[in-house]
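Peer 1: This is the structure I want to talk about, given as structure tokens.
The values are calculated or read from the model by the stated rules, or taken from the named source; none is laboratory data. Here the structure is a predicted model, which means the values were calculated and not measured. All Cβ positions, even for glycine, are placed from backbone atoms using ideal geometry, and neighbour counts span all protein chains on display.
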Amino acid sequence: MKYPKTIISFFSIFIVILFSSFAFTNPAIANVTTDIYQQRPNHHPDGIGKFYLGREIAQVMGHTGAGWLERQSREVEEQPSKIVAALGLKPNDIVADIGAGTGYLSFLIAPHLSQGKVLAVDIQPEMLEIIGYFKEEKKINNVETILATETSPNLPAESINLAIMVDAYHEFAYPHEVMVEIVKALKPGGRVAFVEYRGENPLIMI
């Protein structure tokens with residue numbers, strides 16, 4: 001289950017380039033030892049009762065919701081093609097799709113990377129199996145799967161040009177730790193694209 005969100009009017013997406021590879025170079029930031037999370041007994045039914053920077057972390061949508069991720073109406077509702085167009089991809093880019101799910105976005109990005117590849121990262125092995133199935137079905141060879149943990153995307157240092165998270169960050173159980181590891185994985189000049197959908201429009205049932 002997820003929080004209700006929606007498409008931003010007109011452009012339909014909200015992309016924020018959050019970090020470049022120079023971010024989090026301060027060891028004091030990268031090695032936070034204080035308790036940065038709060039647990040609250042009263043919380044949203046779709047949340048886990050854990051709060052980070054005042055925001056409640058959502059429950060993870062399980063692999064049983066894979067069919068919903070592949071719904072035909074997704075292009076109309078979320079306009080992922082606009083996301084891909086806005087990324088300014090280069091043919092040799094290495095792109096990490098964090099929280100890839102079924103690989104819906106990974107397979108939209110892959111054709112733009114004739115000399116590069118997409119690393120489809122997810123914490124659910126079942127989702128990675130689905131990506132493997134679609135990879136064979138679509139005959140796309142430049143998508144690789146990586147099994148992540150709740151605290152790390154398991155990406156090598158300085159290995160990616162871009163990390164993108166589409167409607168996934170709000171589900172991270174340890175967002176601070178994950179972002180620190182993502183920044184470590186960025187090559188010099190690397191970027192992070194953060195995409196979420198707003199919650200004012202009830203027409204978008206996510």
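Peer 1: Does any residue in segment 42-59 that is without any contact (Cβ under 8 Å) to a residue 60 or more places away in the chain and small (Gly, Ala, Ser) come within less than 9 Å, Cβ to Cβ, of a residue that is surrounded by 13 or more Cβ atoms within 10 Å (Cβ to Cβ) and not in a loop (DSSP other than H, G, I, E, B) six or more places away or on a different chain, and which pairs are these?
Peer 2: Short answer, once both residue conditions are applied: Gly47/Glu56; Gly47/Ile57; Gly47/Ala58; Gly49/Glu56; Gly49/Ile57.
Peer 1: State all residues of segment 112-127 that are among the small types (Gly, Ala, Ser) and in a strand (DSSP E or B); if no residue qualifies, say none. First the steps, then the outcome.
Peer 2: If we filter segment 112-127 for residues that are among the small types (Gly, Ala, Ser), which is where we start, we get 114, 116, 120.
Of everything in segment 112-127, just one residue is among the small types (Gly, Ala, Ser) and in a strand (DSSP E or B), namely Ala120.
Peer 1: Before we move on, is Ala163 buried (at least 21 other Cβ atoms within 10 Å of the Cβ), closer than 20 Å to Thr64 by Cβ and hydrophobic (A, V, I, L, M, F, W, C)? It would help to see each step written out before you state the result.
Peer 2: Details: buried (at least 21 other Cβ atoms within 10 Å of the Cβ): yes; closer than 20 Å to Thr64 by Cβ: no; hydrophobic (A, V, I, L, M, F, W, C): yes.
The answer is no for Ala163.
Peer 1: Please count how many residues of segment 145-160 are surrounded by fewer than 17 Cβ atoms within 10 Å (Cβ to Cβ) and assigned to a loop (DSSP other than H, G, I, E, B).
Peer 2: Number of matching residues: 8.
Peer 1: Follow-up question, since we're still on this one. Looking only at residues in segment 166-205 that are at pLDDT 95 or above and part of a strand (DSSP E or B), which one is nearest to Arg74 (Cα to Cα)?
Peer 2: Within segment 166-205, the match that is nearest to Arg74 (Cα to Cα) is Ala193.
Peer 1: Further question: Quick one: in segment 68-99, which of the residues that are assigned to a loop (DSSP other than H, G, I, E, B), at pLDDT 95 or above and touching a Ser or Thr at 6+ places or on another chain (Cβ under 9 Å) is farthest from Ser152 (Cα to Cα)?
Peer 2: Among those that are assigned to a loop (DSSP other than H, G, I, E, B), at pLDDT 95 or above and touching a Ser or Thr at 6+ places or on another chain (Cβ under 9 Å), it is Pro91.
Peer 1: Same structure, new question: For the structure I just gave you, tell me whether Ile123 is under 18 Å from Val178 (Cα atoms) and of a type in the set (Val, Ile, Thr).
Peer 2: Working: under 18 Å from Val178 (Cα atoms): yes; of a type in the set (Val, Ile, Thr): yes.
So Ile123 passes the test.
Peer 1: Okay, moving on. Out of the residues in segment 121-144 meeting the condition of being of a type outside the set (Asp, Glu) and closer than 27 Å to Ile36 by Cα, tell me which one is surrounded by the fewest Cβ atoms within 10 Å (Cβ to Cβ).
Peer 2: If we filter segment 121-144 for residues that are of a type outside the set (Asp, Glu), which is where we start, we get 121, 123-125, 127-128, 130-135, 138-143.
Restricting the remaining residues to those that are closer than 27 Å to Ile36 by Cα gives 121, 123-124.
Numbers: Val121: 29, Ile123: 21, Gln124: 18.
Among them, the one singled out is Gln124.
Peer 1: Which condition from (1) in contact (Cβ under 8 Å) with a residue 12 or more places away in the chain; (2) part of a helix (DSSP H, G or I) is the one that Ala163 breaks?
Peer 2: It fails just one condition, (2).
Peer 1: Which condition does Ile109 not pass, out of (1) assigned to a helix (DSSP H, G or I); (2) surrounded by fewer than 16 Cβ atoms within 10 Å (Cβ to Cβ); (3) among the β-branched types (Val, Ile, Thr), if it passes all the others?
Peer 2: (2)
Peer 1: I'd like to check something: does segment 31-47 contain any residue that is surrounded by 10 or more Cβ atoms within 10 Å (Cβ to Cβ) and either part of a helix (DSSP H, G or I) or modelled with pLDDT under 60 (or both)? Show your work before the answer.
Peer 2: Of segment 31-47, the ones surrounded by 10 or more Cβ atoms within 10 Å (Cβ to Cβ) are 32, 36-40, 43-44, 46-47.
Next cut, either part of a helix (DSSP H, G or I) or modelled with pLDDT under 60 (or both) only: 32.
Yes: one or more hits.
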